Amino acid sequence: MYWIAHKTAQLLSPLALVLLVGCVASEGPLERTRFFSFHAYGESCTFSDRNACASYFLYGRDTIRYAVGNHVWTVTEEEPLVAVIAPGQENYYALGPTMHIARTDYYDLDEYRKQNVFFRRRHQQRYKLSRPRVTGNGLTGIYIDSIGANLYGMVSFHMYGRDLSATQEAKLLKLFDSITFTAIQNSCNTAMVDAVRSGK
């Protein structure tokens, strides 16, 4: 009986090693910044500044922005702009490129939104996930309102990309789930995160 158990263990050990190596390889290398780390899932990452509280990195060909601090954008979609205009009257109004036209006063803003929003939990943290309703047309992002505290109060985090392909969006969602945080007490009072937000 001992011999059978010993031989079975010898046969399974290489298989377990292959499975373990395969798992690690599929996650890709661990990318590290001053405040967090994550798995890249097969994409190259080129960081603008790994020590910054608010910065970006290239994820393959896509730009991914992030911020760690006390005043961080919540990846909330701006309210859609809707004008109620009777049919045939469009030429009498100067409409901006993001303006939607409704034919009646009875419209629902949700008809015009680009994003779906979900609230979930990861590693005991509640977070907000924003995804485009149409793949490739909108923001894929995560916002966590409390990842720790610094001298200025609670510290929040966001990371997002825009107009991602279905493949890149799937990878970024996995990347979000792999994020771990460190050195939060040294993060910035990020009132200057609006500079990052303006790059959206």
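Being at pLDDT 90 or above, surrounded by 10 or more Cβ atoms within 10 Å (Cβ to Cβ) and either assigned by TED's automatic domain parsing to the domain that holds Ala170 or within 20 Å of Leu172 (Cα to Cα) (or both) is a condition met by at least one residue of the stretch 13-32. All of Thr182, Thr167 fail the test of being among the polar types (S, T, N, Q) and out of contact with any strand residue (DSSP E or B) (no Cβ under 8 Å at 6 or more places or on another chain), apart from Thr167.
Matching residues to (1) at pLDDT 90 or above; (2) farther than 30 Å from Ala40 by Cβ; (3) assigned by TED's automatic domain parsing to the domain that holds Phe57:
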residue	(1), (2), (3)
Met99	no, yes, no
Phe119	yes, no, yes
His123	no, no, yes
Gly141	yes, no, yes
Ile144	yes, no, yes
Leu151	no, yes, yes
His158	yes, no, yes
Arg162	yes, no, yes
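Listed conditions (1) loosely packed, with under 12 Cβ neighbours inside 10 Å; (2) at positive phi; (3) at pLDDT 80 or above are all met by Gly88, apart from (3). Among the residues of the stretch 53-70, those identified as in contact with a Phe, Trp or Tyr (Cβ under 9 Å, 6 or more places away or on another chain) and not in a strand (DSSP E or B) are Cys53, Asn70.
Looking at (1) surrounded by fewer than 16 Cβ atoms within 10 Å (Cβ to Cβ); (2) of a type outside the set (Lys, Arg); (3) out of contact with any Asp or Glu (no Cβ under 6 Å at 6 or more places or on another chain), which is the one condition that is false for Ala67? If we test Ala67 against (1) surrounded by fewer than 16 Cβ atoms within 10 Å (Cβ to Cβ); (2) of a type outside the set (Lys, Arg); (3) out of contact with any Asp or Glu (no Cβ under 6 Å at 6 or more places or on another chain), just (1) comes out false. Taking the stretch 162-183 as the region of interest, how many residues are touching a helix residue (DSSP H, G or I) at 6+ places or on another chain (Cβ under 9 Å) and surrounded by fewer than 22 Cβ atoms within 10 Å (Cβ to Cβ)? So the answer is 2. Of the strands (runs of 3 or more DSSP E) lying entirely inside the stretch 119-182, those containing at least 1 residues that are among the basic types (Lys, Arg) span 125-132, 153-162. Among the criteria (1) closer than 29 Å to Phe181 by Cα; (2) more than 14 Å from the chain's Cα centre (by Cα), the one Tyr127 does not fulfil is (2). In the condition set (1) touching a Phe, Trp or Tyr at 6+ places or on another chain (Cβ under 9 Å); (2) acidic (Asp, Glu); (3) modelled with pLDDT of 85 or more, Glu169 is compliant with all but (1).
Test Asn51 against the criterion of being in contact with a strand residue (DSSP E or B) (Cβ under 7 Å, 6 or more places away or on another chain), among the polar types (S, T, N, Q), touching a residue at least 12 places away in the same chain (Cβ under 8 Å) and more than 13 Å from Gly161 (Cα to Cα), and give yes or no. No.
Scanning the stretch 115-146 for residues that are surrounded by fewer than 20 Cβ atoms within 10 Å (Cβ to Cβ) and in contact with a helix residue (DSSP H, G or I) (Cβ under 7 Å, 6 or more places away or on another chain) yields Arg122, Thr135.
So, Tyr112, is that one surrounded by fewer than 18 Cβ atoms within 10 Å (Cβ to Cβ) and out of contact with any Leu (no Cβ under 8 Å at 6 or more places or on another chain) or not? Yes.
The values are calculated or read from the model by the stated rules, or taken from the named source; none is laboratory data. Quick caveat: nothing in here was measured; it's all calculated off a predicted structure. All Cβ positions, glycine included, derive from the backbone under ideal geometry; neighbour counts span all protein chains shown.
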